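Engineer: Have a look at this one before I ask anything.
The values are calculated or read from the model by the stated rules, or taken from the named source; none is laboratory data. For clarity, every value in this text was computed on a predicted model and none was experimentally measured. When we count neighbours, we look across all protein chains shown, and the Cβ atoms used for this are built from the backbone with ideal geometry, even at glycine. Calculation scope for accessible area: heavy atoms of the full protein, side chains included, ligands and nucleic acids excluded. Shrake-Rupley method; radii C 1.70, N 1.55, O 1.52, S 1.80 Å.
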Amino acid sequence: MRWLFLVVGAAILAVIAAVIIVLPDSAEKTVPTAVASTPVKTTAAPTPAVSEFTDDCGTFDTGEKAPYAVTGYWITPKSNPCTWRKQLQEIHRVGGDTIIRIGYGLQFRTVTDTGQIKAKDGSVDSLYKGCVENGMTCYDAALHDLQQAHPDNRIGRMYVYRTDESFGPDLFRCPQIEHPIVAGKRIYYRLITQADGSDDATCDFSGKPGSYDMILVAGSETDSLTKLLDLADQFGMRVFPALPLAPRDAKSQIRAEKRHLGTLTTLTRRILQDYGARFGERDALGGVYQPFEVQMSATLATNPTLEVYADQHMIVEQELSGKPILISPYLDARKEVAFGQTPKQVAEGFKALVKAGVGIIAPQDSRGTGKVGLFWPDERDDEVDERLRSVRGVGEEATYGDAYHGSTRDYYREMAAARQEMIDSGYHVQLWANVEAFEPSGDPPCAPQGTRGKTDKKRLDQAVTMAGRYVQKIVSYMWSDFMTCGRPSLEEEIAKDWGRPIAVDAIRRPRDVQDGVEVRGYNLKNSTITLTWSGGTKEMAVSAVGWLNEDPFEEELPEGMATAWVPFDWSQVPGGEWVRIGVKVPSGQSATEPLHVRIVT
């Protein structure tokens, strides 16, 4: 914790050395944090351009109405431009300043004898059927042009990529063979590439015969990313568009297929060259999102997907220098599945991702899928939340200790320690928390596919409590569907209850000559801190006896987090006893999840 570095004076250092929070391996430990010498570019969110604006979709205000601890959300592509505006307005009203876009995947395809691109089921893919040049299919037209350059040229592999974006001339390397094809409201982009991922600077297709890969991009006449960035300027937000998703290994869908790495590299390079030319200097472009999902595990370093990562991430550094790459891997703490990982194993996976060039790692807390539980060390013998009992490997009568190797807090603590180790080694990376805003199942389900259902703000507050101590930002998967599902929706719950305090951390800390406790969290202004232990309960109003800092100078705290201190004589608490620390505000709202702390004097 950064406070360790702020304490001055030999006497105070002696007190801290003698009196520390002591916890078992599975419980709380103090993790120092430090800013890298050249940190990832994450400046403060830009200011909204205006207080409100009007366009064809209506009038939209750009003010924050109910700023919550979660400040970033995933959204899915939508064809209706007014949906973008509505979503960003809703997200910004609850304090969101970051948008992460779900993306599309590069796909290997075959073609018919007549040059039509096949869908995965073997039928003609209707999305590409409309791509026609000079009376020929786009595949046949490309083959014709290649063979005009040299009669023995051929197309060895065919790929497709769909998007709602539109690209500029920097997408193309060899315009004599690569170009856009307009077909109604759809624009197709024809790319001819080397199978090894290189781009021949000579663009000489006539010297000797070659086998080339063809990528046919199905784009849009209007560029969704331009519109999204313009909208982000209006609301003072940043956008992370998705990189092209790698094709999956047919034998193991959780891995990328290395055979297609060269073509993926070329497509990534071309798109990022276009981004760099058009958006490289725009603050609204926060970075890019790596959408290929992996599990955080000790064996991640040997996963071929990381080779895909490293290749794509090198291109990002070349074409969008200073823009970080964000990835959101998932955790799995279940003991009853073979692939469940301990917190220390996950920390090894974190370090492997950093070495692959990732600038922001936002692990899924995995509570929404039931792969990890939200519990304190002294709750290991409690039965798991009933909403988790149907999850494979958890069980109807399981305790948290039976079901999981550790809690969400254990995993983020170990990843924070791993992050510090990597910073000390010269890497620059941020740790964010992706708190899942859904439950394993619901009736009705919230998403078009699957069983995932609505959660509530109380559970989301609990997730923030467990992860918030260790991270630089909290984001959530996702806005579309999960935040707007049900009545009341989670969005409506936040708008109504956003002022409720959320405590994420408490430490024993002397101030001057007084012993005391420092609490870190959200909405702590005019709060009362309550400590409960076997010997009694003590309530202390911060404004009367303590101290509040609503803007701590630590650069790496999530936006909106404050620190409060009140005096407390810890010698009255028996050594090793768990103390519960609650926070309430004058409105009567109390933190729904008290902190569990123990010390040894």
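Residue by residue, here is whether (1) modelled with pLDDT of 95 or more; (2) touching a Leu at 6+ places or on another chain (Cβ under 8 Å); (3) of a type in the set (A, V, I, L, M, F, W, C); (4) within 21 Å of K473 (Cβ to Cβ) holds:
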residue: R487; (1), (2), (3), (4): no, no, no, no
residue: E493; (1), (2), (3), (4): yes, no, no, no
residue: D512; (1), (2), (3), (4): no, no, no, no
residue: G535; (1), (2), (3), (4): no, no, no, no
residue: D551; (1), (2), (3), (4): no, no, no, yes
residue: P558; (1), (2), (3), (4): no, no, no, yes
residue: R580; (1), (2), (3), (4): yes, yes, no, no
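Engineer: Now, a different point. Filter region 251-295 down to residues that are among the small types (G, A, S) and outside any loop (DSSP other than H, G, I, E, B) and give me whichever is nearest to the chain's Cα centre (by Cα).
Structural biologist: A256
Engineer: I'd like to verify a number: residues in region 199-226 that are open to solvent by less than 50 Å² (accessible area, probe 1.4 Å), touching a helix residue (DSSP H, G or I) at 6+ places or on another chain (Cβ under 9 Å) and either at pLDDT below 95 or not in a strand (DSSP E or B) (or both), how many?
Structural biologist: 7
Engineer: Still on this structure: Mind checking whether some residue in region 211-219 is out of contact with any strand residue (DSSP E or B) (no Cβ under 6 Å at 6 or more places or on another chain) and in contact (Cβ under 8 Å) with a residue 40 or more places away in the chain?
Structural biologist: No: zero hits.
Engineer: Of all residues in region 150-178 being basic (K, R) and farther than 17 Å from L243 by Cβ, which is most open to solvent (accessible area, probe 1.4 Å)?
Structural biologist: Across region 150-178, the extreme among qualifying residues is R154.
Engineer: Shifting gears a bit: Can you say whether G499 is of a type outside the set (D, E), assigned to a loop (DSSP other than H, G, I, E, B) and modelled with pLDDT under 95, as far as the supplied structure shows?
Structural biologist: no
Engineer: Sticking with this one: For region 368-376, check the following and say yes or no: at least one residue is in contact with a Pro (Cβ under 8 Å, 6 or more places away or on another chain), modelled with pLDDT of 95 or more, among the β-branched types (V, I, T) and closer than 19 Å to D481 by Cα.
Structural biologist: yes
Engineer: Tell me yes or no: at least one residue of region 78-100 is more than 24 Å from H179 (Cβ to Cβ), modelled with pLDDT of 95 or more and surrounded by fewer than 15 Cβ atoms within 10 Å (Cβ to Cβ).
Structural biologist: Taking every residue of region 78-100 in turn, none turns out to be more than 24 Å from H179 (Cβ to Cβ), modelled with pLDDT of 95 or more and surrounded by fewer than 15 Cβ atoms within 10 Å (Cβ to Cβ).
Engineer: I'd like the full set of residues that are within 16 Å of A218 (Cα to Cα) and polar (S, T, N, Q), limited to region 152-177.
Structural biologist: Across region 152-177, the qualifying residues are T163, S166.
Engineer: Kindly indicate whether M422 is open to solvent by less than 10 Å² (accessible area, probe 1.4 Å) and of a type outside the set (D, E, K, R).
Structural biologist: When the stated conditions are applied, M422 passes them.
Engineer: Looking at A467, A437, A447, which one is farther than 22 Å from W498 by Cα, of a type in the set (A, V, I, L, M, F, W, C), touching a helix residue (DSSP H, G or I) at 6+ places or on another chain (Cβ under 6 Å) and in contact (Cβ under 8 Å) with a residue 12 or more places away in the chain?
Structural biologist: Testing whether each residue is farther than 22 Å from W498 by Cα, of a type in the set (A, V, I, L, M, F, W, C), touching a helix residue (DSSP H, G or I) at 6+ places or on another chain (Cβ under 6 Å) and in contact (Cβ under 8 Å) with a residue 12 or more places away in the chain leaves just A447.
Engineer: I would also like to ask the following. Looking only at residues in region 38-57 that are modelled with pLDDT of 50 or more and open to solvent by 90 Å² or more (accessible area, probe 1.4 Å), which one is nearest to P81 (Cα to Cα)?
Structural biologist: D56
Engineer: Also, I was wondering about something else. Residues being open to solvent by 50 Å² or more (accessible area, probe 1.4 Å) and either in a helix (DSSP H, G or I) or charged (D, E, K, R) (or both): count how many of those fall in region 101-133.
Structural biologist: The number of residues fulfilling the criteria is 6.
Engineer: Go through region 163-196 and give me each residue that's under 31 Å from the mean Cα position of the chain (by Cα) and in a loop (DSSP other than H, G, I, E, B).
Structural biologist: T163, D164, E165, S166, F167, G168, F172, D196
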